[in-house]
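Participant: Before anything else, here's the structure in question.
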Amino acid sequence: MYRLSKLRFGFPVFLFLALFLDGSISQVFSVQMFRYPTAMVSHLVVLWLVCGVLFEADDGTFDMPLGWWAAVAGAVFDLYYTGIFGIAVFIFPLVVYLTRRLASWIRPNFLSGLLIYFIDITVVEGLGYLASRAMRLNTGAGSAFLVNTLGPTLAFNLAMFVILYFPIRWVYNWLK
């Protein structure tokens, strides 16, 4: 288990705060974020998980059970937002694994974190699109997905990364 009690209890609290902020942002700014034909999807949960891995790698420790927390957050996300159990339960732990692999190859800092987050959001949205296509919930073309969903989602989430990286780092350091 991880060393300090503040991080042990604080990490999941902020993870679920990010989970519910995702939905709140989507609800409050739905007119701006979901204007036909484009859609921007907020991924603050992925941002919190990625920052957890990056700040953990920055310390040289990998002792938090981020994969388990990602699976639990994915289950809540699936049940609360999508109603289809299994997509985020698989994708969120995959993002943690992918981020840990990438963080072991490149030294984590703001710019490399931005690149890793870019890759992670692309994986989350791409796998979500493929899963919805496989279940026949989405009949849109791949090119329309790239232009109307992936592009705006990447722009929004990379802007959120730039704005929230240092405040999240402060919270993470406060929790240590």
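Participant: Which residue, of Val96, Val76, is open to solvent by less than 20 Å² (accessible area, probe 1.4 Å), in contact with a Phe, Trp or Tyr (Cβ under 9 Å, 6 or more places away or on another chain), within 29 Å of Leu175 (Cβ to Cβ) and part of a helix (DSSP H, G or I)?
Facilitator: Result of the check over Val96, Val76: Val96.
Participant: Among the numbered criteria (1) open to solvent by less than 10 Å² (accessible area, probe 1.4 Å); (2) at pLDDT 90 or above, which one does Ala88 miss?
Facilitator: Among (1) open to solvent by less than 10 Å² (accessible area, probe 1.4 Å); (2) at pLDDT 90 or above, Ala88 violates only (2).
Participant: Among the listed residues Gly151, Gly128, Gly140, which satisfies the condition of being open to solvent by less than 40 Å² (accessible area, probe 1.4 Å), out of contact with any strand residue (DSSP E or B) (no Cβ under 8 Å at 6 or more places or on another chain) and assigned to a loop (DSSP other than H, G, I, E, B)?
Facilitator: Working: Gly151 fails: assigned to a loop (DSSP other than H, G, I, E, B); Gly128 fails: assigned to a loop (DSSP other than H, G, I, E, B).
Answer to the selection: Gly140.
Participant: Sticking with this structure for a sec: Would you check which residues across the stretch 23-51 are in a helix (DSSP H, G or I) and open to solvent by less than 10 Å² (accessible area, probe 1.4 Å) and list them?
Facilitator: Selection gives Met33, Val45, Val46, Leu47, Leu49, Val50, Cys51.
Participant: Something else about it: Take Trp174 and decide whether it is under 24 Å from Ile25 (Cα atoms) and assigned to a helix (DSSP H, G or I).
Facilitator: no
Participant: When you look at Tyr81, is it open to solvent by 70 Å² or more (accessible area, probe 1.4 Å), closer than 20 Å to Asp22 by Cα and within 16 Å of the chain's Cα centre (by Cα), yes or no?
Facilitator: For Tyr81, the condition - open to solvent by 70 Å² or more (accessible area, probe 1.4 Å), closer than 20 Å to Asp22 by Cα and within 16 Å of the chain's Cα centre (by Cα) - is met.
The values are calculated or read from the model by the stated rules, or taken from the named source; none is laboratory data. All values derive from a computational prediction rather than experimental measurement. Note that we place each Cβ from the backbone using ideal geometry, even for glycine, and neighbour counts take in every protein chain shown. SASA here: full protein model, heavy atoms, side chains in, ligands and nucleic acids out. Shrake-Rupley method; radii C 1.70, N 1.55, O 1.52, S 1.80 Å.
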